[in-house]
Amino acid sequence: MHLVSKAYAVILSDYAKGTLSPALCQGVIEVARGSGIPVLVDPKEKSFGKYAGATTICPNLSELSLATGIDCTNLDELIAAGQRLVGEARIDFLTVTMSEKGILLLFPDSSVHSPARAREVFDVSGAGDTVIATMAVCLASGLDAESAVNLSNLAAGIVVGKTGTAPISRNELVAELTISTTITSHEKVLDNEQLLVRIAEWRATGHRIVFTNGCFDILHVGHITLLEQCRRYGDKLIVAINSDPSVQSRKGSTRPVVGESERARVLAALASTDAVTIFSEQTPLNLIRRIRPDVLVKGGDYTTTTVVGAEDVISWGGRVEIVATVPGYSTSNTIAHMTTPAWA
């Protein structure tokens with residue numbers, strides 16, 4: 001019991017296996033509430049009496065019906081009974097999950113409905129656990145009940161779009177709140193952390209992620225052809241470019257001709273690209289492992305065994321594509337042509 005006061009939030013749930021006796025529940029609730037710690041309950045019994053004094057109890061409609069004796073088809077009566085239960089159980093509010101109808105907050109004299117966002121549902125396993133877990137994090141962070149339930153509703157909406165019982169990441173939740181619709185070219189240039197959030201958004205809506213990388217110093221037809229080919233392999237194309245010091249270490253002291261910021265901005269202006277990021281290592285291997293693209297594309301005389309990150313991509317079910325270069329076009333040739341006198 002002494003550990004309770006060290007928690008940020010407490011969730012009571014034993015799936016009616018008998019672990020949570022009335023005495024244990026009341027002891028935990030007393031210590032937690034006395035320390036200002038929210039207590040959330042996932043009820044699996046007919047009576048909510050042993051949870052009296054908790055912050056919130058989180059039943060679904062069937063569980064609320066069982067506790068109140070009101071049939072689920074009489075929704076208005078069930079809601080009224082739930083509001084009475086808030087006072088009887090001495091809780092702050094009741095959090096009622098209603099499947100595709102969203103989540104309902106019940107207070108003694110008012111209610112707040114958070115509707116579910118329409119999306120394709122693959123599996124509802126774990127949706128209730130996602131709601132109570134997200135609620136716990138939100139209440140522990142000091143959010144009000146309405147904000148907490150709205151975030152919990154979004155979180156549940158994301159997990160039902162996955163197969164099986166699956167967790168939700170912070171990036172996925174942030175992405176759901178910042179869905180990008182009309183992104184201008186300069187907004188395509190992202191640092192690595194911003195890119196992860198953008199990717200989570202894309203994956204939440206089922207997009208296939210393509211990744212390619214290179215120096216892209218002095219953009220030419222060969223580059224454009226590569227990027228157009230890349231775009232055909234998926235829904236969203238990420239282009240990772242070497243930083244200026246990285247290019248210099250690979251190509252020599254006279255390179256790059258165009259700085260990293262300008263290279264990124266030019267690439268971002270292309271319709272074929274959806275995001276551009278800069279990496280400072282010699283290879284993009286660490287970045288590839290963080291992004292976990294569905295398709296890795298490389299242009300030139302490579303094979304699957306010689307492309308950096310190929311083994312990793314294949315290990316998580318992705319694939320590697322090699323795009324042939326356009327004969328006669330390279331940055332080196334462009335520079336040579338620029339520095340060769342016309343009379344030579």
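Just so you know, all these numbers are worked out from the coordinates, no wet-lab data involved. What you see is a predicted model; the values in this text were computed from it and never measured. Here the Cβ positions follow ideal geometry from the backbone for every residue, glycine too, while neighbour counts run over all protein chains shown.
Quick notes
- Under a 5 Å amide H cut-off, with hydrogens placed 1.01 Å from N, Arg208 pairs with Asp235, Lys236 among residues at least 5 apart or on other chains.
- Anchor Lys17: lysines whose Cα lies under 30 Å away (excluding residues fewer than 8 positions away in-chain): Lys6, Lys44, Lys46, Lys50, Lys101, Lys162
- Under 5 Å, built H, 5+ apart or other chain: amide partners of Asn213: Ala240
- CD proxy at 222 nm, helix term only [per DSSP H run n ≥ 4: -39500 (n - 2.57); per residue of the chain; nearest 500]: -11500 deg cm²/dmol
- FRET efficiency, Ala271 to Asn192 (Cβ-Cβ, R0 22 Å, nearest 0.05): 0.40
- Rounded to 10°, Cα long-axis angle of helix 145-159 versus longest principal axis of the chain: 60
- In order along the range 104-116, the phi-based Karplus estimate (6.51 cos²θ - 1.76 cosθ + 1.60, θ = phi - 60°) of 3J(HN,Hα) comes to 10, 9, 10, 10, x, 10, 7, 8, 10, 9, 10, x, 6 Hz; Gly and Pro are listed as x.
- Taking θ as phi - 60° and the Karplus parameters 6.51, -1.76 and 1.60, the scalar couplings of the range 88-101 work out to 5, 8, 6, 9, 6, 6, 10, 10, 9, 8, 10, 6, 5, 8 Hz in sequence order, x denoting glycine and proline.
- Neighbour counts of C-beta atoms inside 10 Å place Leu237, Leu270 in the sequence Leu270, Leu237, starting with the fewest.
- Dipole moment magnitude, nearest 20 debye, the range 1-160 about Cα centre, only Lys, Arg, Asp, Glu C-beta charged: 380
- Amide hydrogen proximity for Ile11: with H placed 1.01 Å from N in the peptide plane, the residues at 5 or more positions away or on another chain lying under 5 Å are Leu40.
- Only one residue of Ala23, Thr56, Gly161 has its Cα farthest out toward the positive end of the dipole of the chain, where Lys and Arg carry +1 and Asp and Glu -1 on Cβ, and that residue is Gly161.
- Positive-end residue, the chain charge dipole about Cα centroid, Cβ charges, pick of Leu94, Val10, Gly318: Gly318
- Selected from Pro43, Ala271, Gly309, residue furthest toward positive end of dipole (the chain; charges at beta carbon): Gly309
- Here the Karplus relation 6.51 cos²θ - 1.76 cosθ + 1.60, evaluated at θ = phi - 60°, turns the backbone of the range 2-14 into coupling constants of 5, 6, 4, 5, 8, 7, 8, 7, 10, 10, 9, 6, 10 Hz, with x for every Gly and Pro.
- Cα-centred dipole magnitude for the chain, charges only on beta-carbon of K, R (+1) and D, E (-1), debye, nearest 20: 760
- Helix axis angle, 22-34 relative to the chain longest principal axis, alpha carbon, degrees: 60
- Multiplying the residue separation of Arg319 and Val221 by 0.36 nm and subtracting their alpha-carbon distance yields 32.8 nm.
- Here the range 6-69 and the range 302-317 have alpha carbon centers that stand 49 Å from each other.
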